[in-house]
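Engineer: Here you go, one structure.
The values are calculated or read from the model by the stated rules, or taken from the named source; none is laboratory data. Because the structure is predicted, anything quoted here is derived from the model rather than measured. Glycine also receives a Cβ, built like all others from the backbone with ideal geometry; neighbour counts cover every protein chain displayed. Ligands, DNA and RNA are excluded from the accessible area calculation, which covers all protein heavy atoms including side chains. Shrake-Rupley method; radii C 1.70, N 1.55, O 1.52, S 1.80 Å.
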Amino acid sequence: WFGRDLIEIYGSRRFAMLYTGIAIVAAIGTCLIALVDRNLLDQPYVGGWSLAAAMTIAWGLSFPDRVIRIYFIIPVRGAIVAWFTVIATVVMSIYSGWERYMPELVAEGSMLAFIYRGKLMARWKRARIEHGLRQEDQKRDAAKRERAKRVAASASYLKIVESHDNDKLPPEIDKKLDDPVGALTAHGL
């Protein structure tokens, strides 16, 4: 039921890879933890409950505002369904022994990591883009300030030139004016 909606988001190939990947991660994670905690070896793990819980979390966090009806009566939003699944698994593992719920814990944890990794990556990319835009704005502002300084310097030179219309110009300004004028006359302009 949740798979149909998730296929619309991920596409059938990516959904199949996600579904298979979560199953493999839950199996390998449980086996690795069993190397440390030998009590896990005594537990039978059969069925797809861990995958169902992981897909419920994926659906709830992918569609946080969609409403489902529990027992066709009680409306519950997707985000609440997702977090209630996580909380219920953690509470049941605390009270009944975490060995019985290890595949569910690993599957749910890996699904949360998958979903939030994607959200963090998207946020990181957006931050990089915004940082790049800020840098471009800073460069543009620095160029505007530099142009404004050159315009102000040109205006001050023009004021000095106008104040000395009939007089001889100060040597530093006379040299600056001679360079461009000499270049223009050398080209025949």
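Engineer: Among G60, G109, G78, which is touching a Phe, Trp or Tyr at 6+ places or on another chain (Cβ under 6 Å) and modelled with pLDDT of 85 or more?
Structural biologist: Just a single option satisfies the conditions, and that option is G78.
Engineer: Name the helices (runs of 4 or more DSSP H) wholly inside segment 1-95 in which the number of residues that are farther than 13 Å from M111 by Cβ and open to solvent by 70 Å² or more (accessible area, probe 1.4 Å) is 2 or more.
Structural biologist: Working: elements: 2-10, 12-36, 49-62.
The qualifying helices (runs of 4 or more DSSP H) are 2-10, 12-36.
Engineer: Scan segment 27-38 and tell me whether some residue there is free of Cβ contacts under 8 Å to residues at least 40 places away in the same chain, of a type outside the set (S, T, Y) and closer than 13 Å to F114 by Cβ.
Structural biologist: No; the residues of segment 27-38 include none that is free of Cβ contacts under 8 Å to residues at least 40 places away in the same chain, of a type outside the set (S, T, Y) and closer than 13 Å to F114 by Cβ.
Engineer: Sticking with this structure for a sec: Please enumerate the residues belonging to segment 113-135 that are over 30 Å from A54 (Cα atoms) and open to solvent by 100 Å² or more (accessible area, probe 1.4 Å).
Structural biologist: Hits for segment 113-135 are R128, I129, R134.
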